[in-house]
Amino acid sequence: MTSTAPGSSHSATEGQHGLVAHSDGAFVPVQTRSERFRSVNVEDFDPVHGREREWKLSPVAAFADLTGGELDGSRLGLAAEPVEGVELSWIPRGDDRIGRAGIPEERASANAWSSFDEALLVRVTGDDEKVAVITRTGLGDAPRAAHTVIEIAPNSRGLVVLAGEGEARLSENVEIVVGEGASLTVVSLQEWGDEAVHLGSHFARIGRDAFLKHIVVSLGGKVVRVNPSTHLAEQGADIEALGLYFADAGQHLEQQVFVHHDAPHTRSRVTYKGALQGAGARTVWVGDVLIAQTAPGTDSYEQNRNLVLTDGTRADSVPNLEIETGDIEGAGHASATGRFDDEQLFYLMARGITEAEARRLVVRGFLTEIVQKIGSAELEERLIAALEAELEGR
């Protein structure tokens, strides 16, 4: 009962009340993630109040202009070095390459979709290793909308970094289409300024025997909410979804991750890790994995780990797993939030390391597990330096 065409939607009744129509004509509450209301039109969604399922853990008053206000949908300023095998271009909103990976399930995403003028198309071709870094900067404090399509050709390989710097108030949609047999890494890097607000919805469709490594790194910004949704649409599709975040005093960093196994012998691994320090530091992680009846032989696991460094912080961690077939290889989830391991600290301090340095080493070791999986030595070095700065309070 979900609509997938770019211009379609459920009826307003379904959208407003969280109901879905069954074959007998009766409306019943949404039972699975795949039944949620979807539309590219912002007017099909009710105003956001903060009581809704998808918004109840978010500071909705901090970005009311992005969920319901008018957005500037003109081209964003970009900085990108030319890379052989990676083509950047702007395409009109009516282009048939838009809407293939997914469409909005909530109002902020729909507002951005309704508002953008042109989409940035990132096309990756060729089986050689390549890294493209695309940086959005200088966006200012006006509310803006953006749309990006990242497309990798069959049997191609590449790594694309979509970075944000400086101040911004941005709501955006990112579509990722992975062709048959291709291998793609996408890194969403949030190093925004102290007052920036960023709401991002990522939609990925993975083809037959294709692999996507999707990494969300959130370090800067006052409120950052990046929600990746992955559709394992064809046999043998594989996703490794990774996340790294470090929340300082007054920061809200949020990720709501959805993986939909919809074809035989698909695989997913979801690992998000974060640290919190300072009064009012807040993180939210919600993980949803749906294994459909059409996905026998699925192998799936999701986990979230949070390390609390000081008092006055809050980490919400909610793993969810829905299984509609008994013919699976395996499925599981885990969540843990805690303070330093006293045994690790004791071990280091017993060897002459100060307590402050021991704590720094423990946190760095906890978080760099994600950094080391990126596959770019230059980017890994950059992120380790950023984490060191966070640990030192800069």
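With V122, V86 as the choices, which residue is surrounded by 18 or more Cβ atoms within 10 Å (Cβ to Cβ), at pLDDT 95 or above, more than 21 Å from the chain's Cα centre (by Cα) and of a type outside the set (D, E, K, R)? I'd like the intermediate steps shown before the answer.
Numbers: V122 fails: more than 21 Å from the chain's Cα centre (by Cα).
Testing whether each residue is surrounded by 18 or more Cβ atoms within 10 Å (Cβ to Cβ), at pLDDT 95 or above, more than 21 Å from the chain's Cα centre (by Cα) and of a type outside the set (D, E, K, R) leaves just V86.
Given the criterion in contact (Cβ under 8 Å) with a residue 12 or more places away in the chain, touching a strand residue (DSSP E or B) at 6+ places or on another chain (Cβ under 6 Å) and either of a type in the set (G, A, S) or open to solvent by less than 10 Å² (accessible area, probe 1.4 Å) (or both), identify the matching residue among R136, R144, R169, R157.
Values: R144 fails: either of a type in the set (G, A, S) or open to solvent by less than 10 Å² (accessible area, probe 1.4 Å) (or both); R169 fails: either of a type in the set (G, A, S) or open to solvent by less than 10 Å² (accessible area, probe 1.4 Å) (or both); R157 fails: either of a type in the set (G, A, S) or open to solvent by less than 10 Å² (accessible area, probe 1.4 Å) (or both).
Of the residues listed, the single one that is in contact (Cβ under 8 Å) with a residue 12 or more places away in the chain, touching a strand residue (DSSP E or B) at 6+ places or on another chain (Cβ under 6 Å) and either of a type in the set (G, A, S) or open to solvent by less than 10 Å² (accessible area, probe 1.4 Å) (or both) is R136.
Take A279 and decide whether it is within 23 Å of E165 (Cβ to Cβ) and either part of a loop (DSSP other than H, G, I, E, B) or touching a residue at least 12 places away in the same chain (Cβ under 8 Å) (or both).
Numbers: within 23 Å of E165 (Cβ to Cβ): no; either part of a loop (DSSP other than H, G, I, E, B) or touching a residue at least 12 places away in the same chain (Cβ under 8 Å) (or both): yes.
No; evaluated as a whole, the condition is false for this residue.
Can you name the residue in region 211-225 that is part of a strand (DSSP E or B) and of a type in the set (G, A, S) and is also surrounded by the most Cβ atoms within 10 Å (Cβ to Cβ) among such residues? It would help to see each step written out before you state the result.
Kept after step one, since they are part of a strand (DSSP E or B), are these residues of region 211-225: 211-220, 223-225.
Applying the additional criterion that residues be of a type in the set (G, A, S) yields 218, 220.
Working: S218: 27, G220: 23.
Across region 211-225, the extreme among qualifying residues is S218.
Which of the following residues is assigned to a helix (DSSP H, G or I) and touching a residue at least 40 places away in the same chain (Cβ under 8 Å): A79, A62? Spell out how you get there, then give the answer.
On the way: A79 fails: assigned to a helix (DSSP H, G or I).
Criteria check complete, one pass: A62.
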### Task
Using the structure shown, decide if E369 is surrounded by fewer than 16 Cβ atoms within 10 Å (Cβ to Cβ) and in contact (Cβ under 8 Å) with a residue 40 or more places away in the chain.
yes
### Query
Going by the conditions given, is E355 at pLDDT below 90, surrounded by fewer than 16 Cβ atoms within 10 Å (Cβ to Cβ) and among the acidic types (D, E)?
yes
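Strands (runs of 3 or more DSSP E) wholly in region 283-354 with at least 2 residues that are farther than 30 Å from T32 by Cβ - which ones? Working first, answer last.
Numbers: elements: 298-308, 314-323, 328-338.
Those strands (runs of 3 or more DSSP E) span 298-308.
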### Task
Collect the residues in region 125-154 that are more than 20 Å from the chain's Cα centre (by Cα) and under 19 Å from A101 (Cβ atoms), keeping them in residue-number order.
T125, A153, P154
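What residue, of E240, E234, is closer than 23 Å to P104 by Cα, assigned to a loop (DSSP other than H, G, I, E, B), acidic (D, E) and open to solvent by 10 Å² or more (accessible area, probe 1.4 Å)?
Numbers: E240 fails: assigned to a loop (DSSP other than H, G, I, E, B).
None of the others qualify; the one that does is E234.
Within region 256-313, which residues are under 22 Å from L219 (Cβ atoms), of a type in the set (G, A, S) and open to solvent by less than 10 Å² (accessible area, probe 1.4 Å)? Working first, answer last.
Let us first name the residues in region 256-313 that are under 22 Å from L219 (Cβ atoms), namely 256-257, 270-287, 303-313.
Checking which are of a type in the set (G, A, S) leaves us with 274-275, 278-281, 287, 312.
Hits for region 256-313 are G274, A275, A281, G287.
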## Note on the structure
Taking first residues from region 32-46 that are free of Cβ contacts under 8 Å to residues at least 60 places away in the same chain and second residues anywhere that are surrounded by fewer than 21 Cβ atoms within 10 Å (Cβ to Cβ) and in a loop (DSSP other than H, G, I, E, B), the pairs with Cβ under 9 Å that are 6 or more apart or on different chains are E35/M1; E35/T2
## Note on the structure
Across region 270-290, the tally of residues that are under 11 Å from Q251 (Cβ atoms) and among the hydroxyl-bearing types (S, T, Y) stands at 1
### Task
Please identify the pairs in which a residue from region 174-190 that is more than 17 Å from V86 (Cα to Cα) has its Cβ atom under 7 Å from the Cβ atom of a residue that is in a loop (DSSP other than H, G, I, E, B) and acidic (D, E), counting only partners at least 6 apart or on another chain.
E180/D209; G181/D209
### Task
Pull up region 244-255, narrow it to residues that are touching a Lys or Arg at 6+ places or on another chain (Cβ under 7 Å) and in contact (Cβ under 8 Å) with a residue 40 or more places away in the chain, then point me to the one that is surrounded by the most Cβ atoms within 10 Å (Cβ to Cβ).
A247
### Task
Select from region 372-387 the residues that are open to solvent by less than 30 Å² (accessible area, probe 1.4 Å) and part of a helix (DSSP H, G or I) and write down the one among them that is nearest to K130 (Cα to Cα).
L379
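The values are calculated or read from the model by the stated rules, or taken from the named source; none is laboratory data. If you're wondering where the values come from, they're calculated on a predicted model, not measured in any experiment. FYI the Cβ positions are ideal-geometry reconstructions off the backbone, even for glycines, and counts take in every protein chain you see. We work out accessible area using only protein heavy atoms, side chains counted, and drop any ligands, DNA or RNA first. Shrake-Rupley method; radii C 1.70, N 1.55, O 1.52, S 1.80 Å.
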